[in-house]
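Here the structure is laid out as structure tokens; the discussion comes afterwards.
The values are calculated or read from the model by the stated rules, or taken from the named source; none is laboratory data. Quantities reported herein were computed from a predicted structural model and do not represent experimental measurements. When we count neighbours, we look across all protein chains shown, and the Cβ atoms used for this are built from the backbone with ideal geometry, even at glycine. These area figures cover heavy atoms from the full protein model, side chains too; ligands, DNA and RNA do not enter into them. Shrake-Rupley method; radii C 1.70, N 1.55, O 1.52, S 1.80 Å.
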Amino acid sequence: MQYGKFSLVILVTTLIINSGACAQVRTYPDLGTTPSAEQLKDWDISINVSGDELPPGSGIASQGETIYMQRCVGCHGQNLEGTSLGKPLVGGQGTLGTLTPKKTIGVYWPFATPIWDFINRSMPPNLYNIPVDPSQKLTADQVYALTAFILYKNNIIAENEVMDRETLPKVEMPNRDGFIPTNLDDVLDYRGRGCRAGTCP
Amino acid sequence: MSDRRRFLKSSAAVIGGVAVGGIKPAVAQRMDDTSGEYWSLGYEPNTPDDPRVYGQRSRYVTSLRTYNPKRTRATDDIHTPLQDIEGFVTPAPLHFNVNHGSAIPDIDPSTHKFMIHGMVDKPLVFTMEELKRFPSVSRFHFVECSYNAAPPERRYPDATVARTHGQTSCSLWTGVPLSVLLKETGIKDGATWIVAEGGEAKKRTKSIPLSKALDDAIVAWGQNGEPVRPEQGFPLRLVTPGYEGPANVKWLRRIKLGAQPWIAHADNPGHTTLRPDGKGRWFEFEMGVNSVITRPSGGQQMPGRGFHPITGLAWSGGGAITRVEVSTDGGRTWDDAQLEGPAHRFAHTRFYMPWKWQGGEAVIMSRATDEHGDVQPSLHELNQIYGVQTDYWLKIKDSRGHFNPIQPWRITAEGSITNAVWEI
């Protein structure tokens, strides 16, 4: 049958092209196993600046404030001003070019998604390797809410703005252009951008 | 030896093998003796209690790491006593240690898993046992904290070289090249970055160019012939030769490939230096070409006039050290020092120069050059690069990473030695 033969040719060609593109010739095929979908989902907690790794969920500042007052205030302070146990999460405007620069979220961080990533992976910190009670792990909704609260307290978003996987990556951070080189694609060429002897221009 | 062991051993010797206080001394047999009891010990032979099976250093050797108890969180900022190190390898128990406020995790290697995924053709999970079946390499590399030798560490005249430069250490790392594992997973077109993640409570990550991963990064389980120590990342550590400390991710559990950096906490704000105009320098990656004289050095006392070799360590994130010059007159004249042995790429390199101290005041310092021809800057040269005056470094209230100016030591006429970095 004409049609069948034709599609077989396409199938074979696709297979060849695919395997060519993959260069999937394993030298040690018996070492390593394929992770299950669940394992991938559990482990993959990195959130890049495009935000396409963000999980579903959402939250607003007022919800975040409630959680903050229970889980974060002891180390980061009533007004997010920081304590001896935790960094300030607000303030520092106008300090970067001075002798007392403050690299706070509102002043220094170029993107908003890393706030989500950091709270989700590291906060509250488990300083003594105490086994974590799973019910204490922040949910995605809670992390969105806390992120919204911190952004709101930095006057970067409005009080009622909903943070989710669509809106969070679009939040414009004040210091987005505060880095050399500004364009992320230019970062890779270490010597090309003039770095030498450990110092970049 | 623990006090308990010392006690057991001596009581066993005195009472000749009679059980004391309910603890029954074990009876050891000589390997070639099949006749039964040979001598009595206070411990089970060939167990971890047996002092013979894991060697101890002499009790006359007292060299220790140091840290500032006021500033240091539980396990952070513990410095290598560089003044006591022989050759260019740092013994693992003296390796500097920074854990960013995380407790050292207690990871069982039999259940530890390491995953590679993201922009790969085939994501894979490896057990430790599987990783060790790959062809392995052993390479000498230093790991250096980005903030090693930063202005606060060099602030005081009485600073020792452990204080000023003790956050770099050099080990023989054994593991599988990451490139070998990435060949197994395949790499999708467009992938340019990896993010590497640790298995400690805070799960710190660092974004690293894929080119570096393919070039010379090692997924390491061995350090100086032993398993990597827990404080250095047991059971698995990513070693990125010459890159700033945080890129050498400890307790490695995951690497993901992508098309952009992740701007993780350790990428920013954690490890970026500010220009005086307030712009941040991010992704400086390579530690600068650097060197320091470790003997004679700060806090030591010259024992007398006469022959005193000058020796120290040089290293560079740019590759191999090709030259070290030493000055004994505050930088007016320089002589080439000898480099000891082969200068491994991205490794500490020991230098040596014979010298006679005449008893007068002297300012001694070293200057390294690496395979790119990059020369370690003087403080003046660094000031020019940054567009600042020297007092800027002492006044600025910000962590200054990648600070590698020449380190001068002043020897007074009485033979005491002080840090002179701000004076020259």
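The mean number of partner chain beta-carbon atoms within 10 angstrom of a residue's beta-carbon across peptide A:94-105 is 5.
The figure for B:VAL375 is an accessible area of roughly 60 square angstrom, using a 1.4 Å probe on the protein chains alone.
Here the mean projected area of the convex hull built on the C-alpha positions of segment B:82-271 is 10.8 nm². A simple packing score, the average count of other Cβ atoms within 10 Å per residue, orders the peptides B:316-322, A:71-77 as B:316-322, A:71-77, with the highest score first.
The residues of the protein assembly as shown have, on average, 45 Å² of accessible surface per residue, using a 1.4 Å probe with all protein chains present.
Quick one: helix A:113-122 against the long Cα principal axis of chain A, what's the angle to the nearest 10°, folded into 0 to 90? Here the helix axis deviates by roughly 80 degrees.
Can you sort B:ASP370, B:ASP106 by solvent-accessible area, 1.4 Å probe, largest first?
Values: B:ASP370 5, B:ASP106 150 Å².
Final ranking, largest accessible area leading: B:ASP106, B:ASP370.
Kirkwood Rh and Cα-based Rg: tell me the resulting Rg over Rh for segment B:290-419, rounded to two decimals.
On the way: Rg = 15.2 Å, Rh = 15.4 Å.
With Rg and the Kirkwood Rh in hand, the quotient comes to 0.99.
When DSSP beta bridges are restricted to pairs lying wholly in chain B, around 90% turn out antiparallel.
The apolar share of the surface of the protein assembly as shown, taken as the fraction of accessible area on carbon and sulfur atoms (1.4 Å probe, ligands and nucleic acids excluded), comes to 55 percent. Residues B:HIS372, B:HIS265, sorted by accessible area with the largest first, give B:HIS372, B:HIS265 [1.4 Å probe; ligands and nucleic acids excluded]. Using a 1.4 Å probe over protein heavy atoms, the accessible area lost on pairing B with A, summed over both chains, comes to approximately 6100 Å². A 1.4 Å probe, protein heavy atoms only, puts the accessible area of A:ARG191 near 80 Å².
A 1.4 Å probe over all protein chains sorts B:ASP216, A:ASP133 by accessible area into A:ASP133, B:ASP216, starting with the largest. For the residue pairs A:LYS102/B:LYS279; A:LYS137/B:LYS203; A:LYS103/B:LYS203; A:LYS103/B:LYS202, the alpha carbons lie more than 18 Å apart in A:LYS103/B:LYS203; A:LYS103/B:LYS202. Taking 18 Å as the straight-line reach from the Cα of B:LYS70, the lysines in range (excluding those fewer than 8 positions away in the same chain) are A:LYS87, B:LYS397. Given a cut-off of 30 Å, what percent of all Cα-Cα pairs of chain A lie beyond it? Percentage above 30 Å: 43. Per the Debye calculation on chain B with a single equal scatterer at every Cα and no solvent contribution, log₁₀ I(q)/I(0) for q = 0.08 Å⁻¹ amounts to -0.52. At a Cα cut-off below 18 Å, give the lysines reachable from B:LYS132, other chains included and same-chain residues fewer than 8 away excluded. Here the lysines satisfying the reach criterion relative to B:LYS132 are B:LYS113, B:LYS183, B:LYS250.
Two numbers describe the Cα atoms of the protein assembly as shown: Rg and Dmax, which are 27.6, 101 Å. B:HIS344 sits with roughly 60 Å² accessible to a 1.4 Å probe, with DNA, RNA and ligands left out of the calculation. Loop by DSSP (not H, G, I, E, B), at most 16 other beta-carbon atoms within 10 Å: where is the longest site-free stretch of chain B for GluC sites (Glu not before Pro)? The segment B:87-339 is the longest one with no such site.
In units of 2.2 N^0.38 Å, what is the alpha-carbon radius of gyration of segment B:88-176? Provide the component values of the computation, followed by the final result.
On the way: Rg = 17.9 Å, N = 89, 2.2 N^0.38 = 12.1 Å.
For segment B:88-176, the normalised Cα radius of gyration is 1.48.
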